[in-house]
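Chemist: What follows is a structure written as structure tokens; I'll ask about it next.
The values are calculated or read from the model by the stated rules, or taken from the named source; none is laboratory data. Note that the coordinates shown come from a computational prediction; the quantities given were computed from them, not determined experimentally. Methodologically, a virtual Cβ is constructed for each residue, glycine included, from the backbone with ideal geometry; neighbour enumeration extends over all protein chains shown. Accessible surface areas use protein heavy atoms only, side chains included; no ligands, DNA or RNA. Shrake-Rupley method; radii C 1.70, N 1.55, O 1.52, S 1.80 Å.
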Amino acid sequence: MDARGIVMVGPAGVGKTSLWQAFAAFLKQEKGFAVSRVSLDPGADIRTTSIDYDVTTDISSRQLMANYNWGPNGAILEASRQLFLRREEILEKILPSTDSPVDYVLIDTPGQLDSFVLQPFGANFLNDLHELLPLSCVYLYDAVAMQDPVNVPAQLFLNAATSFQFNFDVTPVLNKADLVAEPEEALGWLQDPQTLAEIIRHAKRGVISDLAIESLEVLAQFRVPTRVLPVSSAEGHTTGLEDLFDLLEEQGCSCGDRL
Ligand SMILES: Nc1nc2c(ncn2[C@@H]2O[C@H](COP(=O)(O)OP(=O)(O)O)[C@@H](O)[C@H]2O)c(=O)[nH]1
Ligand SMILES: [Mg+2]
């Protein structure tokens, strides 16, 4: 069977690296797949030996900071630029070799969504990779950040902006579901913008409510998440990975004929 890639994308601290690790372990241990793990985070400090490609061996934001006396954000942005400029060499390292084939390549992305996807580097890099290795993206929402309804439209925009940059499917999940008492509430808001607009209208928070409602009207003209899965990769509270796997399968992420 041919290998496929799954890319974790989302705002800083949303849990990309945690889900990347948990989902890789799930695919290996629960499903018996051969998995390769790739980190494209130039700021990562990875101490595990089981990672197959760690971009910091080629491009490290810490090294850029030290070399040029830059701050962390400038270094991360430059690292994303370099990743794109050196893509031929790096794509070669990510692709599974014929002598050690894998079923899935799981890819972690930099902490900062904006410097990677909303700049002309990360999305173009991933679109080039998709030409060689069919990709699916898991887009993470943070259940804790979803507690205040006026903030939800901005998060929906980030998801939409990401989806429209990629030439492959994006599957949204609500991560850290273990940290909120009722994840169903935020899931309802993400999946039903009309109800969300009503709640924001009643909240009467002034100009931020107006902006949020107007944003929802703009988003309504585009595709917004129709189905969002609650997941958690917290140790001892891991949930939703089986459902995520099934959804990715449904969307053609994986070859159903080999299961
Ligand atoms: N409770 C809980 N904490 C999480 C979950 N996912 C990530 N975290 C924590 O959130 C923080 C950021 O996670 P990380 O995976 O580094 O986020 P990233 O910046 O998106 O890669 C860490 O302290 C994680 O332990 C989750 O599902 N539940
Ligand atoms: Mg990370």
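Chemist: For region 84-122, give me each residue that is in contact with a Leu (Cβ under 9 Å, 6 or more places away or on another chain), away from ligand 1 (no atom under 16 Å from the Cβ) and not hydrophobic (A, V, I, L, M, F, W, C).
Modeler: ARG87, PRO96, ASP103, TYR104, GLN119
Chemist: For region 188-217, which residues satisfy the criterion of being out of contact with any Phe, Trp or Tyr (no Cβ under 9 Å at 6 or more places or on another chain), crowded, with 19+ Cβ neighbours inside 10 Å and under 18 Å from PRO230 (Cβ atoms)?
Modeler: Correct list: TRP189 only.
Chemist: Now, a different point. Residue by residue through region 1-37, note down the ones that are within 14 Å of ligand 2 (Cβ to nearest atom), within 18 Å of VAL170 (Cα to Cα) and part of a strand (DSSP E or B).
Modeler: VAL7, MET8, VAL9, listed by residue number.
Chemist: Mind telling me which of the residues SER115, SER163, SER136 ends up being among the polar types (S, T, N, Q), modelled with pLDDT under 95 and in contact with a strand residue (DSSP E or B) (Cβ under 7 Å, 6 or more places away or on another chain)?
Modeler: From the options SER115, SER163, SER136, the qualifying one is SER163.
Chemist: If the requirement is being open to solvent by less than 20 Å² (accessible area, probe 1.4 Å), under 14 Å from ASP108 (Cβ atoms), over 16 Å from the mean Cα position of the chain (by Cα) and among the β-branched types (Val, Ile, Thr), which of these qualifies: VAL14, VAL38, VAL55, VAL9?
Modeler: Being open to solvent by less than 20 Å² (accessible area, probe 1.4 Å), under 14 Å from ASP108 (Cβ atoms), over 16 Å from the mean Cα position of the chain (by Cα) and among the β-branched types (Val, Ile, Thr) holds for just one of VAL14, VAL38, VAL55, VAL9, which is VAL55.
Chemist: Can you pull out the residues in region 93-117 that are within 16 Å of ligand 2 (Cβ to nearest atom), assigned to a helix (DSSP H, G or I) and of a type in the set (A, V, I, L, M)?
Modeler: Of the residues in region 93-117, the ones within 16 Å of ligand 2 (Cβ to nearest atom) are 106-117.
Okay, now just the ones that are also assigned to a helix (DSSP H, G or I), so 113-116.
The answer is LEU113, and nothing else.
Chemist: Specify the residue that is most open to solvent (accessible area, probe 1.4 Å); the eligible residues are those in region 218-231 that are of a type in the set (A, V, I, L, M, F, W, C) and within 21 Å of the chain's Cα centre (by Cα).
Modeler: Filtering first and then ranking leaves PHE222.
Chemist: Among the residues that make up region 178-185, is at least one of them open to solvent by less than 10 Å² (accessible area, probe 1.4 Å) and touching a residue at least 12 places away in the same chain (Cβ under 8 Å)?
Modeler: No, the conditions are met nowhere in region 178-185.
Chemist: Follow-up. Which pairs turn up if I take residues in region 68-92 that are assigned to a helix (DSSP H, G or I) and look for partners that are open to solvent by 100 Å² or more (accessible area, probe 1.4 Å) and among the acidic types (Asp, Glu) with beta carbon separation below 7 Å, at least 6 apart in sequence or on another chain?
Modeler: Every condition considered, no pair remains.
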